[in-house]
Amino acid sequence: MSVMRKILYSYLLKEQGLAVLICLLGVTFVLITGQLLQLMRILFASSCSIRDVVEVVLFTMPKLLLYGAPMAALLGTMLAFVRLNGDNELIAFRAAGTGFLEFLPPVLGLLVFFTVLAFINAVYVIPVSNGAFELKLRSLGRSSIPSLLKEGTFISTIPKLVLFFRSVDHTELSIKGVFLQDQRQPKEKVTIAAESAQIEIPPDSSNITFRMENGVITRIADNLKDAQSISFKNYDFTLSMDEVMGAAEKGPKKKREMSLRELLNEIKSAKDLKGLAYFSLEMNQRLAFPSACLLLGLLGPPLGSLFRQRSRMTGVTVGVGIFLLYYILLSAGKGLGENGLISPFFAVWTPNLLSLVLVVYLWTKMHRETSFSFRGAERLVGWLRRLALPGKGGGAREMRIIPRYVLRHFLPVFALSILAFLGLYLVVDFFERVDRMMEFHLPAQDIYAYFLFKIPLILTQGIPMAAILSTIISLGLLKKNRELIAMETAGVNPVYYVAPIAMAAVVLSFLHFGIEEFAVRPLNQKLDDIWEVRLNHQKKSSASLTQENMWYRRENTIYQIRLYDQPRKVMEKASIFYVDSQFHLVERVDARRISWTEAGWLAEDGLIMRFNGPNTEQQWFDSKQLDLNVSPRDFTAGETVPDNLGWLDLYRYIERLEQEGFTATPYEVDLQMRLASPLATFILALLGIVVATRQGLHGGIASGVGISLALAFAFLAVSSAGSSLASAGRLSPFFGVWVGHIIFSAFVFYSWVTRNG
């Protein structure tokens, strides 16, 4: 090999390697951010160690890398050649007699190495990590118990149990005011009300114990003919971790935990076409995903070389479009394969075969130096710019040249970033959930609706990350082209060319808040309806005509209604519990039916139990007028679910809790987070501005992206830690939620002042 060729190969390997690594880190960071936030809440609200959190993250990484590696290979190689093309280095190589096919060995060498690692990950690492991930989550069950202890609301996350706590000390795991209904016996209602309880979780035990004090246990048969009550000074209510966290699935391994040999054995022993397709799709997927790293990566160099400096965004648009098209074809093929319409091989490998054809075509065209036309993609980029920045209109104020020019770089990059984030998130979520959806024969329209309803949620998670990435890339391109230097030489204050991005970030923050308030929360209820009701066959309350197994609380009265008929204003199989200020059960009323009449509520065929210390009075009745502190309108919405409330409604809900003597700290934290989360978009954009403007001329966009991702991770970690400490009562809700914003705003201010000092 000649010296010149060695220099060329090492140079190309360096350029591509760094770009691919940065893209891989960025894609993985985006995918794991949401899970990291949840894990950090567990970490700071319980005794879970940092080592446990790191282990869970490491067990999750192989699965995320499986989906993110092909995109990183495509974007990394493409961006490397985009840079070479933008600096006219490719022209210099071609002028020196280097044909485009001579770039193939270093490109192929890097991608083969990357693909081999992807194969090792898919074949050997993922089956082990998937099993370890499930075991680790279950072992962390005892550490996540405090996150289940919410105050002032009904908790139904534990199967067949409903709990209500008046106040909780998460540090000491002590409770004041306990109400618990055990629904594990279908023919009787067992209810426990106690003044206080202490939660005990022995380290060598798989059980959790509620050690209750000063309470009463009531048991009433479903036919209301048999009733018992027992007062106690001390009573232990014990649950297994399987009941709290969900019973571990027994039997054979899941297909994602099987090795290739085990999958082959299942394929050979399959008794029908459905079982054959089920395991064949998984085996082919294990091999096709790593192969996509090589094939999609080979598309990067010709795509990056096709577009001149002014058309860089067109090239990125084409690259992202190819990536999304690949997974759309793969998703469609998988659906057809699971339904037995095509063979598993063609279902999974068709996108790879089409990618191979496109690779041969593009490399041949580039080597022969024949022309291309990408007018459609260029029109798309132009349309995005015109949509974001309309031309002269009837407005009184025209946009000045520099702000408009900066936004013409920022907004298309932002649009592509959010599109890539949305596509990648949907790809991972689809492949995680589609097997279960197909297994339970969920209709196609419900599958489409589920992922469609999830788009607003994904957008709110992607806007902050897209803001910082688009800031770094757009300002990095302007700086690399020496346009920022030209502006400052002409006397333009740096504030003038960064202000448009800052203002765009403010608008995006308001947009974030609006999407979260008016789209995410209503659609979350529809998502729950599809996933929990139609897929898991769980009953869910409906406020339209009837409500099933409804719980409602008003002051010191708790209502449990098996079925509420809204049009007729009738409660079927209802129980009403009256407690005093110390949460001692004073009276319990059970009735077959309670109807709304002109005179008020009329109970039929029921039982009243009155408690006076150790003595209990029982009274059966055929009909009885009840003086309740509620009207039919109160049951229309049922028990308030804070997660589904808007910001103002949540504020009023907190006020009501505090007036009734409940501790509302977790909801105060949620209230503050609903403002702080959208503002994170603005803070991250400012961080991107500081990084981009402080880097030297040759700092590189890739390194800037890496620094920004590290700062974004630090910001999210500090914010999550502060929120978790606030939820645990160790910090005030305001300071805990806003501490990250305060620290990083100060960092931005200091960096900007020293940069211009």
Separation of the Gln582 and Ala502 label points, Cα + 7 Å toward Cβ, nm: 6.0
Solvent-accessible area per residue, Å², over segment 48-112 with all protein chains present [probe radius 1.4 Å]: 35
Full-stretch length increase - Val360, Asn493 - with 0.36 nm per residue and alpha-carbon distance subtracted: 43.0 nm
Theoretical gain in end-to-end length, Asp87 to Glu262 [0.36 nm per residue, Cα-Cα removed]: 57.9 nm
Where labels lie 7 Å past Cα in the beta-carbon direction, separation of Arg656 and Thr171 in nm: 3.1
Protection proxy ranking of 664-676, 570-582 - average other beta-carbon atoms within 10 Å, highest first: 664-676, 570-582
Computed lengthening from Ser623 to Arg562, 0.36 nm per intervening residue step minus Cα-Cα distance: 20.1 nm
Percent of Cα-Cα distances greater than 14 Å, calculated over segment 76-136: 71
Cβ-Cβ FRET estimate between Ala221 and Leu25, R0 fixed at 51 Å, reported to 0.05: 0.25
Inter-site label distance for Tyr448 and Phe346 at 7 Å from Cα along Cβ, in nm: 2.4
Cut-off under 5 Å, modelled amide H: who pairs with Trp601 long-range: Leu626, Leu628
Efficiency of FRET between Arg610 and Leu675 - r from beta-carbon atoms, R0 51 angstrom, step 0.05: 0.60
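The values are calculated or read from the model by the stated rules, or taken from the named source; none is laboratory data. Just so it is clear, the structure is predicted and the values come from calculations on it, not from any experiment. We place every Cβ from the backbone using ideal geometry, glycine too, and count neighbours over all the protein chains shown. These accessible areas exclude ligands, DNA and RNA; they are computed on the full protein's heavy atoms, side chains included. Shrake-Rupley method; radii C 1.70, N 1.55, O 1.52, S 1.80 Å.
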